[in-house]
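Everything on this sheet refers to the single structure shown next.
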Amino acid sequence: MRLSIGKLSTKTGVNIETIRYYERESLMPAPFRTDGGHRIYDEAHMNRLTFIRRCRDLGFPIEDIRSLLGMADKDEHCASLRPLAQSHLKLVQAKISALHEMEGALKGILDGCEDCSAPECTISTALYGCAARSCACCGRSDITPVT
């Protein structure tokens, strides 16, 4: 299988510039180049790019993907990859918890706004109060993994 960067992009759903970025970051091996300098990719490139895309879809940062690729390249046992995936799961769970807090806070603010024709806006009053208290509805970003 010989693929141009455009066809690789189409088959994997990864933007062309993103593919080039992954090459610069050494996540993707350099492709074969034609005499004219065009990149030619094979099935191994497509499989690796699919792996990277799936990791990104799951929210793994680039450095974690680099580690996972390194372990996968060595055919390491699943037990080697599990701690990194487990750590990422805890971070995702913490983010979900923080989003639930924000949802509850926003619902509470909106529940307090029953009469939108009132001269004093209960939403802005609530947000001013929240900013002073630094609660979930003001967008704090101190997400820590759930233990």
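The values are calculated or read from the model by the stated rules, or taken from the named source; none is laboratory data. Predicted model, so just to flag it, every value in this text is computed and none were measured. A quick note on method: Cβ atoms are made from the backbone with ideal geometry, for glycine too, and the neighbour counts reach across all protein chains shown.
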From the list S117, S80, S87, S124, exactly one residue is surrounded by 14 or more Cβ atoms within 10 Å (Cβ to Cβ) and either touching an Asp or Glu at 6+ places or on another chain (Cβ under 6 Å) or at pLDDT 65 or above (or both). Which is it?
S80
Which ones in the range 39-59 are touching a helix residue (DSSP H, G or I) at 6+ places or on another chain (Cβ under 6 Å) and not in a helix (DSSP H, G or I)?
R39, Y41
With the condition kept exactly as written, say whether any residue in the range 72-92 is free of Cβ contacts under 8 Å to residues at least 40 places away in the same chain, of a type in the set (V, I, T) and closer than 30 Å to G6 by Cβ.
no
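Do you know which residues across the range 17-32 are over 21 Å from the mean Cα position of the chain (by Cα) and either touching a residue at least 12 places away in the same chain (Cβ under 8 Å) or closer than 11 Å to L3 by Cα (or both)?
Matches in the range 17-32: P29, P31, F32.
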What do you reckon, is A94 at pLDDT 90 or above and surrounded by 12 or more Cβ atoms within 10 Å (Cβ to Cβ)?
yes
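Within the range 78-98, is even one residue outside any helix (DSSP H, G or I) and in contact with a helix residue (DSSP H, G or I) (Cβ under 7 Å, 6 or more places away or on another chain)?
No, the conditions are met nowhere in the range 78-98.
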Meets criteria (of a type in the set (K, R) and not assigned by TED's automatic domain parsing to the domain that holds Y128) for K90:
no
Only one of (1) more than 30 Å from T125 (Cβ to Cβ); (2) surrounded by 12 or more Cβ atoms within 10 Å (Cβ to Cβ) does not apply to D57, and that is (2)
Conditions: (1) under 21 Å from S80 (Cα atoms); (2) not in a helix (DSSP H, G or I). G36 meets all but one. Number of the miss?
(1)
Is there a residue in the range 19-27 that is out of contact with any helix residue (DSSP H, G or I) (no Cβ under 7 Å at 6 or more places or on another chain), part of a helix (DSSP H, G or I), surrounded by 11 or more Cβ atoms within 10 Å (Cβ to Cβ) and of a type in the set (D, E)?
yes
Residues of the range 47-62 being more than 12 Å from the chain's Cα centre (by Cα) and without any contact (Cβ under 8 Å) to a residue 24 or more places away in the chain, which ones?
N47, R48, F51
